[in-house]
Structure formats: structure tokens, C-alpha cells
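**Q** One structure follows; several queries about it will come next.
The values are calculated or read from the model by the stated rules, or taken from the named source; none is laboratory data. Because the structure is a prediction, the values reported are computed rather than measured. Cβ coordinates were reconstructed from backbone atoms using ideal geometry, including for glycine residues, and neighbour counts include every protein chain displayed.
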């Protein structure tokens, strides 16, 4: 007879089996997510759905096909704000948009847009810079429920106060309230901000280059990925960007450890704002030339 | 008892004074990894600088993908939960607040308990909420040691009180006696 396994080892096996079930049954691949946060979210799912164990959660996932939507929502936990990290948005406004203005058409890709707060923040920035009419924002996420919410652009009114402060700190020239209408306990972003936004499904783990972009934003997504997946994703962003295009990461994320770092220069390192080099690093073949 | 591998400290209101007392009293020979989750600071590099002059050990803000280092104090960045992977690398998350806090002490304690199991000391200091209580209970369930500041002497007693109620403690001590205890626990030689 084998010796009893410590709880923590048992749980690791259960999480592995859960991840494997999700991948084999539904094609969602979380095997390269950083384990600590993933385990925490799986535990939360187990509690929220009143399962006695992660194995019970896995059984339900396997046998009830409509349960997967809730599982994906629970595993993606999209938390953000409008103009979150205002100084980053100020840096975009002051250092990036004036240079993007030289392009006749501007493609922006926000990867991992969650509920869309930052997408609308971008739309406002572009509008105030007089660039929105010739811009297109591709807002992608792998979570269909989040995309739907993002498209609606409806948020709790209680958040508006903080977001207005962020907006002003980001160098906003109006009042944030001129971009939404308030009704009861909710605010709704104006339809005109949505005009040049495409919300669509894209999975950074499994999908490929998405568009030819002049600016890619992907903030607080990489922190959930293992090192190889971070490296792969950063290479994907490099390949999606035009030469001289800009990349913006979360304030506690970094390009430094990834091989793709050689293809970028820092525009404002403190705000995690980078630019794809105009020339390929020496000795490398440039496939796009 | 063999010396632990890490010490995880949670604190909130009143933390600056409490941390100065503890970090100033630690033996500089400690080889343990120290983790701190403090709610009150929006500027963690500023906090590190403030604490550095009082600390016997080097103190840094914990960074994503970075290795946790023995004999060094790592502070959770503002606005992010701090977690550890099994290979002792840090991971950050912007998941929902826990007990109105991000970084949350519960999240850091849970994660540290998963990684260090019984080789961990959890410390709950002054604070005005109940964050850390559940995490301390998990540390104890995994066989780690729980230390709680005496609520009566704490600048804000709610947090140590909640910890005692939900998790209990192996040691409940006034602030001044916590660093000497940690030194004893960490420098103790295993009996052979």
C-alpha cells in the first residue's frame, strides 16, 4: 500500500487533471498559465459552484457542456479601470499619438481587453488627438462573456468618480462625463466611441498574428503566463507591429527577460512603453522586408 | 524543530512603526526569505527606502518572474497580489480585491503556505481589518508557525484579533518581542 499523499500534492494532481480536461474536451489551453494564480482561481471556482473538490469540478466540466462558459469566465477574472495607471495614458497621449499621427490609417490592437474599460479610454485619447476618424481599434479577448460586456460599454456609476480622476491625471482636456450618459446606477459610453472598435475573439495561447498594428496594448495579461508563453506572446506582438510601432505592457510587466526584447527600444521604461526597432537586430534575417 | 525557510509578514494600519521595530530587530545572519504584504502604501519603493535605514537585511520590492532570495526582505508591490510559484519565483496578479485589499495578506499567505508548507512562519501585525486571518489558518494547517502581535498593544487591534479568532497562534507577543522570537526560531540548530 502506498503512503498517503499530502493535501498539497493531491491538489496539484487535481489541478493538472482539470487543465487537461478543459483542453481535451473544449480546446481551452491553460497548461502554460503560471500555476499559483491559476490554482487560486480554480479553488475559487470550486467554492463558487459548491463542489467538494477540484475533481468534482472537473467531473461537472466534462459532463455538462454549458458549464464551460462559467468556468472560462471564472478563470479570466477581468478587472480594470478606465485610464488605469493614468501616467501611462499620459505618456501615450504625449509621446506616442503625435508620432502615430503621421500614418494615414492607424491600427490599434488591445489584446486581453476584458470588460473594455481601457479600450474606451484609448478611443477617447484618439478622439482628443483628432485621430479617431482614421483609427481602428481591435479589441480581443478569449472570454466571450467579457467581450459581450465590453461591447455594451455599461459600467457601474460608482466607478465613474475614480475614472474621472484618472482621466484628468492622464491629461484629459474635457470632463469624462462628456463621454457617457448616466442612468440609475450605471453609465454607458457613447455610441460614437464604439464606431471604430471591433470586438472579437482571439486567444493569445493558441491563435496567431492578428493584424498589422501601429500600437499594441496588452496590460496585466502576461503576469498570468509562464515564461515560455510570455516569450511566445511577446514575439507575436513584435510580429504584429509595423516597424516603429509601439507596445505597451502593464506597469509590473517587463520585456527584459524575453528574447523579443532585442527587437524593441524603451520609449518610457517606467510606463512600460516600448517601440519596435526600425531595423532588424544585426545578423538576423528580416522576413517582413 | 528545523529552522524555517521563509517568514511572511502581514500588516496594515500602523505598519510603518511596526515594521521598523521588527526589521530593526532581526539578526543580520538570517538566511530566510522574508515576504511583506502591507496595505497602506501606494508607493512601495518609497516604503522600501523608508524601511531600509532601519532594516538589518536588504529590502526590495518583489518583481514578477524574480527569484525569492534568502536573507532578503521582499515587499508586495502596490495594487498587485503577490504570489509564489513552487520554484520560488514571484508571480503577480490583479485579480479582485480580497477583503477590500490588493495586495491581500490572505493571498500572499495562502500562496506561501502552498510553497513552503511547514517551513514557514506567518506573522500578523497591527491593522484595522481582518485580512490575513484566513491565510494564517492555512499556514497552520500546512504545519507552519503562526505569530500574532498582542492586539491590546497594537496601533490597530482588529487584524491581530481576527487572526487569533480565526487561526489561533503558536505565539502571541507584544511587538518588541517578535523579532527576538523570529531570531530564535530561525537560527535554532536542528537537534541530532
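**Q** For the range A:54-62, indicate whether the set of residues that are part of a helix (DSSP H, G or I), more than 26 Å from the chain's Cα centre (by Cα) and within 14 Å of chain B (Cβ to nearest Cβ) is non-empty. Don't jump to the end; show me each part of the working.
**A** As a first pass, look at the range A:54-62 and keep what is part of a helix (DSSP H, G or I): A:54-62.
Retained after the next criterion (residues that are more than 26 Å from the chain's Cα centre (by Cα)): A:54-60, A:62.
Checking which are within 14 Å of chain B (Cβ to nearest Cβ) leaves us with A:54.
Scanning the range A:54-62 turns up at least one residue that is part of a helix (DSSP H, G or I), more than 26 Å from the chain's Cα centre (by Cα) and within 14 Å of chain B (Cβ to nearest Cβ).
**Q** Condition test on residue A:234, is it more than 14 Å from chain B (Cβ to nearest Cβ), surrounded by 22 or more Cβ atoms within 10 Å (Cβ to Cβ), farther than 21 Å from residue A:117 by Cβ and in contact (Cβ under 8 Å) with a residue 24 or more places away in the chain?
**A** Details: more than 14 Å from chain B (Cβ to nearest Cβ): no; surrounded by 22 or more Cβ atoms within 10 Å (Cβ to Cβ): yes; farther than 21 Å from residue A:117 by Cβ: yes; in contact (Cβ under 8 Å) with a residue 24 or more places away in the chain: yes.
No, not satisfied.
**Q** Across the range B:22-54, what is the total count of residues that are within 28 Å of residue B:97 (Cβ to Cβ) and either in contact with a helix residue (DSSP H, G or I) (Cβ under 7 Å, 6 or more places away or on another chain) or in contact (Cβ under 8 Å) with a residue 24 or more places away in the chain (or both)?
**A** The qualifying residues number 18.
**Q** Moving on to the next point. Out of everything in the range B:91-106 that is surrounded by 24 or more Cβ atoms within 10 Å (Cβ to Cβ) and more than 7 Å from every other protein chain (Cβ to nearest Cβ), what residue ends up being farthest from residue B:141 (Cα to Cα)?
**A** Let us first name the residues in the range B:91-106 that are surrounded by 24 or more Cβ atoms within 10 Å (Cβ to Cβ), namely B:91-93, B:103-105.
Those still in the list that are more than 7 Å from every other protein chain (Cβ to nearest Cβ) too: B:103-105.
Working: B:103: 22, B:104: 19, B:105: 16 Å.
Out of the qualifying residues, it is B:103.
**Q** In the range A:73-98, which residue that is at pLDDT below 95 and assigned to a helix (DSSP H, G or I) is farthest from residue A:203 (Cα to Cα)?
**A** Among those residues, the one meeting the criterion is A:74.
**Q** Within the group B:50, B:23, B:16, which residue is more than 14 Å from the chain's Cα centre (by Cα), away from chain A (no Cβ under 13 Å) and over 20 Å from residue A:37 (Cα atoms)? Spell out how you get there, then give the answer.
**A** Values: B:23 fails: more than 14 Å from the chain's Cα centre (by Cα); B:16 fails: more than 14 Å from the chain's Cα centre (by Cα).
Going through B:50, B:23, B:16 in turn, the sole match is B:50.
**Q** Also, quick follow-up: Could you check, for the range A:77-91, whether at least one of its residues is away from every other protein chain (no Cβ under 14 Å) and touching a strand residue (DSSP E or B) at 6+ places or on another chain (Cβ under 7 Å)?
**A** Within the range A:77-91, one or more residues are away from every other protein chain (no Cβ under 14 Å) and touching a strand residue (DSSP E or B) at 6+ places or on another chain (Cβ under 7 Å).
**Q** I'd like the full set of residues that are buried (at least 21 other Cβ atoms within 10 Å of the Cβ), in contact (Cβ under 8 Å) with a residue 40 or more places away in the chain and over 15 Å from residue A:248 (Cα atoms), limited to the range A:107-129.
**A** Selection gives A:115, A:116, A:117, A:120, A:123, A:124.
**Q** Here's a follow-up. Just give me the residues in the range A:169-181 being surrounded by 11 or more Cβ atoms within 10 Å (Cβ to Cβ) and either part of a helix (DSSP H, G or I) or touching a residue at least 60 places away in the same chain (Cβ under 8 Å) (or both), in sequence order.
**A** Answer for the range A:169-181, where residues must be surrounded by 11 or more Cβ atoms within 10 Å (Cβ to Cβ) and either part of a helix (DSSP H, G or I) or touching a residue at least 60 places away in the same chain (Cβ under 8 Å) (or both): A:169, A:170, A:171, A:172, A:176, A:177, A:179.
**Q** Also, quick follow-up: Only one of B:133, B:137 is closer than 30 Å to residue A:9 by Cβ and surrounded by fewer than 22 Cβ atoms within 10 Å (Cβ to Cβ); which? I'd like the intermediate steps shown before the answer.
**A** Details: B:133 fails: surrounded by fewer than 22 Cβ atoms within 10 Å (Cβ to Cβ).
Sole residue among the options that is closer than 30 Å to residue A:9 by Cβ and surrounded by fewer than 22 Cβ atoms within 10 Å (Cβ to Cβ): B:137.
**Q** In this structure, is residue B:121 touching a strand residue (DSSP E or B) at 6+ places or on another chain (Cβ under 9 Å), within 13 Å of another protein chain (Cβ to nearest Cβ) and either crowded, with 20+ Cβ neighbours inside 10 Å or not in a loop (DSSP other than H, G, I, E, B) (or both)? Lay out the reasoning, then the answer.
**A** On the way: touching a strand residue (DSSP E or B) at 6+ places or on another chain (Cβ under 9 Å): yes; within 13 Å of another protein chain (Cβ to nearest Cβ): no; either crowded, with 20+ Cβ neighbours inside 10 Å or not in a loop (DSSP other than H, G, I, E, B) (or both): yes.
No.
**Q** Could you count how many residues in the range B:75-89 are free of Cβ contacts under 8 Å to residues at least 24 places away in the same chain and at the interface with chain A (Cβ under 8 Å from one of its Cβ atoms)? Please lay out each step first, then the result.
**A** Step one: list which residues in the range B:75-89 are free of Cβ contacts under 8 Å to residues at least 24 places away in the same chain, which gives B:80, B:87.
When the remaining residues are screened for being at the interface with chain A (Cβ under 8 Å from one of its Cβ atoms), the result is B:80.
Selection size over the range B:75-89: 1.
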